Amino acid sequence: MLYIRKLKEELSRSVSQKVDFIGGSINLQGDMTRQAYEALIEPLVNNTLRTMEKTLKEVGVSPGSLTGLIMVGGASRTPLIQDRLRQLYGNILLCDINPEEVVALGAAYQARTLLDGVGTLLLDVTPLSLGIETMGEIVEPIILRNSPLPSQKTCVYTTAHPDQEEILIHVLQGEGATVKECLSLGKIILKAKRISDEPRRIEVTFSLDADGLLSVEARDQHSDEKEQLKLNPVITPSSKALSDILKKM
């Protein structure tokens with residue numbers, strides 16, 4: 001992998017590079033051109049640019065209002081990436097900061113802000129919406145994606161039948177409209193005896209703490225019976241479920 005990384009870096013500086021690599025079942029010999037390399041990475045670059053455009057739209061920032069783009073990570077030196085960004089946003093790329101150091105510099109600045117209380121404070125947010133299943137396997141979000149941490153919200157739901165003595169609260173994560181499009185995090189079964197002929201009102205409270213841990217409480221407003229569930233909605237990037245969710249975003 002070190003050889004491949006070196007080859008990639010060289011192709012950012014030259015239009016062609018000799019390849020002479022034998023390792024295990026891999027045998028690469030000959031010339032590798034920048035054009036061939038760019039053809040290989042173009043689908044990934046396009047996907048990244050689409051994600052960037054969608055992010056700007058979600059936060060209400062127009063591309064024309066941008067005054068600078070900070071390049072992060074060694075891959076940002078790739079000419080194809082820089083060319084595509086200039087085509088979309090103009091000549092506003094900030095390449096004077098070492099892209100391998102910029103994240104560490106930002107973390108240090110944030111640490112200083114936390115200690116001294118100066119500048120702009122960055123807030124952690126929840127990466128995906130959290131909600132529950134409703135009738136017809138429809139997902140109703142309670143805490144929306146990009147909500148700052150900590151966060152809390154309460155919603156009230158009515159049972160479909162007044163004689164219903166068990167209420168299932170199915171907690172889900174994701175941006176899909178249906179249960180199949182989201183990730184199941186857990187379930188609560190709230191049991192309570194019927195008190196009147198009125199449909200029961202169930203109060204559901206989602207609480208996300210500063211570490212992103214989720215507490216869910218379901219309370220019957222008629223009987224005051226309640227059940228709680230603690231969850232960790234953070235998913236590793238290697239999770240197939242998260243990958244499927246992100247494809248639908």
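The values are calculated or read from the model by the stated rules, or taken from the named source; none is laboratory data. Given the structure is predicted, the values throughout are model-derived calculations rather than measurements. FYI the Cβ positions are ideal-geometry reconstructions off the backbone, even for glycines, and counts take in every protein chain you see.
Per the conditions (1) over 27 Å from LYS54 (Cβ atoms); (2) at pLDDT below 90, the sole criterion not satisfied by THR120 is (1). The sole residue among LEU168, LEU185, LEU172 that is in contact with a Cys (Cβ under 6 Å, 6 or more places away or on another chain) and in a strand (DSSP E or B) is LEU172.
For (1) modelled with pLDDT of 85 or more; (2) within 29 Å of ARG50 (Cβ to Cβ); (3) under 31 Å from the mean Cα position of the chain (by Cα), each residue gets a yes or a no:
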site: LYS193; (1), (2), (3): no, no, no
site: ARG201; (1), (2), (3): yes, no, no
site: ASP211; (1), (2), (3): no, no, yes
site: ASP220; (1), (2), (3): yes, no, no
site: PRO237; (1), (2), (3): no, yes, yes
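Before we move on, is GLU53 in contact with a His (Cβ under 6 Å, 6 or more places away or on another chain) and either over 30 Å from ARG5 (Cβ atoms) or not in a strand (DSSP E or B) (or both)? Judged against the criteria, GLU53 is not a match. Taking segment 1-31 as the search range and keeping residues that are among the aliphatic types (A, V, I, L, M) and in a helix (DSSP H, G or I), which one is modelled with the lowest pLDDT? The extreme case among them is LEU2.
One residue stands out in segment 123-151 among those that are more than 12 Å from the chain's Cα centre (by Cα) and polar (S, T, N, Q): the one that is surrounded by the fewest Cβ atoms within 10 Å (Cβ to Cβ), namely THR134. Restricting attention to segment 53-92 and to residues that are charged (D, E, K, R) and surrounded by 14 or more Cβ atoms within 10 Å (Cβ to Cβ), the residue that is modelled with the highest pLDDT turns out to be ARG84.
All conditions but one from (1) more than 25 Å from VAL19 (Cβ to Cβ); (2) touching a residue at least 24 places away in the same chain (Cβ under 8 Å) apply to ALA104; the one that does not is (2). With respect to the conditions (1) part of a helix (DSSP H, G or I); (2) modelled with pLDDT of 85 or more, TYR109 falls short on a single one, namely (2). How many of the residues in segment 89-113 are within 21 Å of ARG50 (Cβ to Cβ) and in contact with a helix residue (DSSP H, G or I) (Cβ under 7 Å, 6 or more places away or on another chain)? So the count comes out to 2. Any residue that is assigned to a strand (DSSP E or B), closer than 24 Å to SER215 by Cα and among the small types (Gly, Ala, Ser) - is there at least one of those in segment 114-132? Yes.
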